[in-house]
Each structure stands twice: as C-alpha cells, then as structure tokens.
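What follows is a single structure, written as structure tokens, with notes after it.
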Amino acid sequence: MNGAACEGKNDSGTVIPRPTKDFVYFMRKLSFSDRVFFDTEPNSLSRFLERLRRENREVLDLTESNPAKAGFRFSLDTLREGMLQDPVTDYAPHPRGLPEAREAITAYYRDRGVRVDPDAVYCTSGTSEAYAMLFKLLGDPGDEILVPVPSYPLIEYLVSFESLHCGQFYLRYQRGSGWRVDRDFLDTTCFERAKALVVVHPNNPTGSYLSADDRRYLIDFCAQRGMALIVDEVFHDYCFLETRPSSFLAEEPGCLTFVLNGFSKTLCLPQVKLSWYVIAGPSDLKREAQSRLDILHDYYLSVNTLIQVAAPILVGKRK
Ligand SMILES: Cc1ncc(COP(=O)(O)O)c(C=O)c1O
C-alpha cells in the first residue's frame with residue numbers, strides 16, 4: 001500500500017488509513033448488473049437435444065416458433081416492391097411510428113372486423129421491445145408484473161431487465177374446458193406491488209385462447225386493482241378452432257390494456273423487425289399513458305423507416 005493520503009477514525013477510535021485514489025482504483029473490481037446474470041449451464045433437455053444432434057438423429061422440434069425455419073416463405077416480389085418505395089430518402093420519424101405504417105396496421109385489424117384508431121398504435125422493432133417499453137411505463141424498480149404459468153419464458157427475463165419482479169399466476173388444464181385461469185389463486189393472493197398482468201392469447205406453448213369468461217374476469221381483476229393488462233396476440237391468426245376467439249381489441253376493455261402483435265408471426269417475417277402494440281381502455285388513462293409513451297418512444301425511434309414505408313404493401317398482400 002502506498003501510504004494513506006489522510007486518516008480517519010472508526011467508531012472505536014482506531015485510526016484507519018484512508019486509501020489514496022490510486023489505491024481505490026486498484027482495488028475496485030468492475031462488476032456487472034445482477035439483471036444480466038445468467039446461468040448458462042445447458043439444462044437436461046438441451047443436453048439431450050445436443051446428444052441427438054451429435055448422433056445425427058432426426059429431431060422434430062415442436063418448440064420451433066421461427067416461421068422462416070418452419071417452411072413459411074413470404075413472396076420475394078412483394079418484399080422487393082415494398083422496400084423500393086420512394087420516401088425512404090426522407091427521415092421524418094414519429095414516436096408512434098410513421099402514419100402509413102400505423103394505417104397499415106389498422107387495415108390488418110379492419111380485415112378481421114376490428115376497428116383500431118391509428119393514433120392508438122405504437123410501432124416497435126419487435127415484441128420484446130414492446131414489452132420493455134410497457135414495463136418502463138408501468139413499473140418502478142421492485143414493482144411486480146404478473147405472468148402466466150405455463151407461458152412464453154422470455155417474458156420473465158424481459159421483466160427482470162427492467163428491474164421489476166415477476167409474479168406468477170396459473171393456467172390449469174381442465175378436462176372438457178381446456179386451459180383456464182386459476183381464479184382461486186388470484187383471488188386469494190396478495191400482490192402488493194403488482195402493476196400489470198400479462199396474458200398470451202393464444203398462449204405459447206399451450207396454444208389455448210382465453211375463454212370469454214376468463215377474459216372478463218381478468219379485465220375486472222386488473223380494473224379493480226389499478227393494474228394494466230398486457231395481451232400478447234402474436235399467434236392470434238393461427239387458429240385451429242371453427243371460430244376464432246376475438247381479439248382483446250374487439251371491445252373497449254374496462255382497464256388500461258395493451259395488445260401486442262407484429263409481422264413476425266402475422267406475415268411470417270420476424271427478420272423485418274416490425275411489431276406494435278395498441279393501447280385501449282378508459283380514455284383518461286389512455287391519454288395519460290400516451291403522453292408518457294410518446295416521450296419514451298422518442299428517445300429510441302428504433303423502427304427502421306424502410307420497413308415502415310413498406311408496411312402498407314406487405315399488409316395488403318399478406319393473404
Ligand atoms: C408469445 C410470443 N410473443 C412474442 C414472440 C416474439 O415475437 P417478435 O419476433 O416480434 O419479438 C414470440 C416468439 O416466438 C412468442 O412466442
């Protein structure tokens with residue numbers, strides 16, 4: 001140690017040397033945020049999969065949710081046509097996304113009989129970014145976001161990246177009625193700092209849509225507790241039932257609601273990176289949320305202009 005620059009006394013009166021600045025720099029070890037601490041050991045399923053692949057065994061991966069790897073191809077001509085639009089030499093970004101992109105998104109909903117106001121649409125570069133924006137809007141560090149079990153595992157990570165806690169609620173399989181929300185659990189558990197509840201409609205990996213009954217229950221649950229509802233509808237088009245259960249946007253919900261979707265699954269184009277969320281619910285809450293989201297989005301402006309300009313052509317030809 002290179003001497004003490006000045007000295008101090010601790011509580012018992014012992015003189016303790018104050019380290020020099022150089023010494024402090026020498027001793028301090030750079031540390032990283034706990035938010036990005038990962039257990040990178042492969043789990044038993046990954047190890048098993050790796051072994052099968054090493055042995056050149058054929059594997060049918062039912063967890064594959066990348067359409068490009070599942071044999072879906074969007075028309076190359078349409079992609080080219082979309083990408084060669086004129087205004088791409090301009091840069092006139094809008095925090096919610098370019099008006100033509102938001103109009104195209106409302107056309108997607110119109111096709112399915114749902115009216116959406118383009119001013120309620122916020123474009124993002126992916127669904128993960130949409131989640132991140134909403135978690136920033138809704139929670140302070142330590143607040144809680146309720147996520148369903150079983151569901152899309154990525155959500156828990158996205159929650160913790162925003163220094164929020166992940167609370168869980170359960171979907172239970174019932175013979176005859178399928179996957180239902182465990183209401184007893186929600187009704188009897190105290191969630192002191194819960195700010196939002198997430199549902200995936202239809203859910204990944206169960207493929208189940210929420211019943212009309214469970215939807216009403218969750219909307220009331222959130223409205224009564226001052227929580228927002230975040231609904232991931234990225235797989236909404238993929239319905240194997242005779243009638244597709246409606247989007248949460250089909251009616252104005254009674255709580256502040258954000259409905260997520262994107263080209264990743266609706267057009268089978270995860271590589272073009274255009275997703276969005278639509279804000280719905282009581283108008284005073286919407287207004288308040290939008291005034292904050294406009295500023296938040298303005299600091300990122302992350303969606304590529306090329307894809308936004310191409311959006312009307314891509315949506316128009318999606319069928
Ligand atoms: C439920 C769910 N939400 C979101 C995503 C990711 O979508 P994006 O490519 O828009 O980030 C996936 C990906 O498989 C998913 O399963």
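The values are calculated or read from the model by the stated rules, or taken from the named source; none is laboratory data. From a predicted model like this one, the values you see are computed outputs, not experimental measurements. Positions of Cβ are generated from backbone atoms using ideal geometry, with glycine treated the same way; all protein chains shown enter the neighbour counts. Just so you know, the surface numbers come from the protein's heavy atoms only, side chains and all, with ligands and any DNA or RNA stripped out. Shrake-Rupley method; radii C 1.70, N 1.55, O 1.52, S 1.80 Å.
Considering only the range 277-295, I want to know if a residue exists there that is open to solvent by 20 Å² or more (accessible area, probe 1.4 Å), of a type in the set (V, I, T) and under 23 Å from A196 (Cβ atoms).
Yes, the range 277-295 has at least one match.
Filter the range 268-293 down to residues that are in a helix (DSSP H, G or I), in contact (Cβ under 8 Å) with a residue 12 or more places away in the chain and out of contact with any strand residue (DSSP E or B) (no Cβ under 9 Å at 6 or more places or on another chain), then give me how many there are.
Of the residues in that region, 3 qualify.
Answer yes or no: is there a residue in the range 181-192 that is in a loop (DSSP other than H, G, I, E, B) and within 22 Å of G281 (Cβ to Cβ).
Yes, the range 181-192 contains at least one residue that is in a loop (DSSP other than H, G, I, E, B) and within 22 Å of G281 (Cβ to Cβ).
Looking at the structure I just gave you, is V315 closer than 19 Å to L197 by Cβ and not in a loop (DSSP other than H, G, I, E, B)?
no
I need the full set of residues from the range 136-149 which are out of contact with any Cys (no Cβ under 7 Å at 6 or more places or on another chain) and touching a residue at least 40 places away in the same chain (Cβ under 8 Å), in order please.
K136, L137, L138, G139, G142, D143, E144, L146, P148 - these are the residues of the range 136-149 that are out of contact with any Cys (no Cβ under 7 Å at 6 or more places or on another chain) and touching a residue at least 40 places away in the same chain (Cβ under 8 Å).
Residue under question is V309, and the condition is that it be touching a Pro at 6+ places or on another chain (Cβ under 9 Å) and buried (at least 18 other Cβ atoms within 10 Å of the Cβ); does it hold?
yes
One residue is enough: does the range 241-262 have a residue meeting the conditions away from the ligand (no atom under 11 Å from the Cβ), among the β-branched types (V, I, T) and without any contact (Cβ under 8 Å) to a residue 12 or more places away in the chain?
yes
For the range 172-206, which positions are touching a residue at least 60 places away in the same chain (Cβ under 8 Å) and acidic (D, E)?
Scanning the range 172-206 gives no hits.
Can you pull out every residue in the range 122-150 that is within 13 Å of the ligand (Cβ to nearest atom), open to solvent by 20 Å² or more (accessible area, probe 1.4 Å) and either outside any helix (DSSP H, G or I) or of a type in the set (D, E) (or both)?
Correct list: S125, E129, P150.
When you go through (1) touching a strand residue (DSSP E or B) at 6+ places or on another chain (Cβ under 6 Å); (2) open to solvent by less than 20 Å² (accessible area, probe 1.4 Å); (3) farther than 16 Å from R35 by Cα one by one for I155, which number turns out not to apply?
(3)
Assuming V259 fulfils every condition listed in (1) open to solvent by 10 Å² or more (accessible area, probe 1.4 Å); (2) assigned to a strand (DSSP E or B) apart from one, which condition is it?
(1)
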